[in-house]
Amino acid sequence: CLDGGKVHEFDSRWRTRDCYDCSCYRNGIRCCTSYMEPVGYDEEKCESIFNKETCSYKVVEKDDPSKECPVHSWVG
């Protein structure tokens, strides 16, 4: 399998720099997000921030990013 100019062996798995988990099969490549997105939080008071190094979201208060907000559900 060829992904971004890099060759991967059949039955191998890898994570892309864009936080996708990929697998190589004889019939092609399958990729999906490696992270969950927050939903069901107070979007007026809070904002979600994506950390590309850890491939995860954090939901914090807009006025005080040191305070995390409760998240009622995640999708992904």
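The values are calculated or read from the model by the stated rules, or taken from the named source; none is laboratory data. Since this is a predicted model, take the numbers as computed values, not measurements. With ideal geometry, Cβ positions are generated from the backbone for all residues, glycine too; neighbour counts draw on all protein chains shown. Just the protein is used for accessible areas: all its heavy atoms, side chains included, with ligands, DNA and RNA removed. Shrake-Rupley method; radii C 1.70, N 1.55, O 1.52, S 1.80 Å.
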*Carbon and sulfur together cover what percent of the accessible area of the chain at a 1.4 Å probe radius?*
45
_Given (1) 29.1, 91; (2) 13.3, 42; (3) 16.5, 50, the label whose value is Rg and Dmax of the Cα atoms in Å derived from this model_ = (3)
_I'd like the Karplus ³J(HN,Hα) series for region 15-26: coefficients 6.51, -1.76, 1.60, θ = phi - 60°, whole numbers in Hz, and an x wherever there's a Gly or Pro._
10, 7, 5, 9, 6, 9, 8, 10, 9, 9, 10, 5
*What full-extension length gain, to one decimal in nm, is calculated for residue 45 and residue 29 as 0.36 nm per residue of separation minus the Cα-Cα distance?*
1.8 nm
*Do any cysteines in the chain lack another Cys Cβ under 4.7 Å, and if so which?*
32
*Which GluC sites (Glu not before Pro) in the chain pass both tests, a DSSP loop state and at most 16 other beta-carbon atoms within 10 Å?*
9, 43, 44, 53
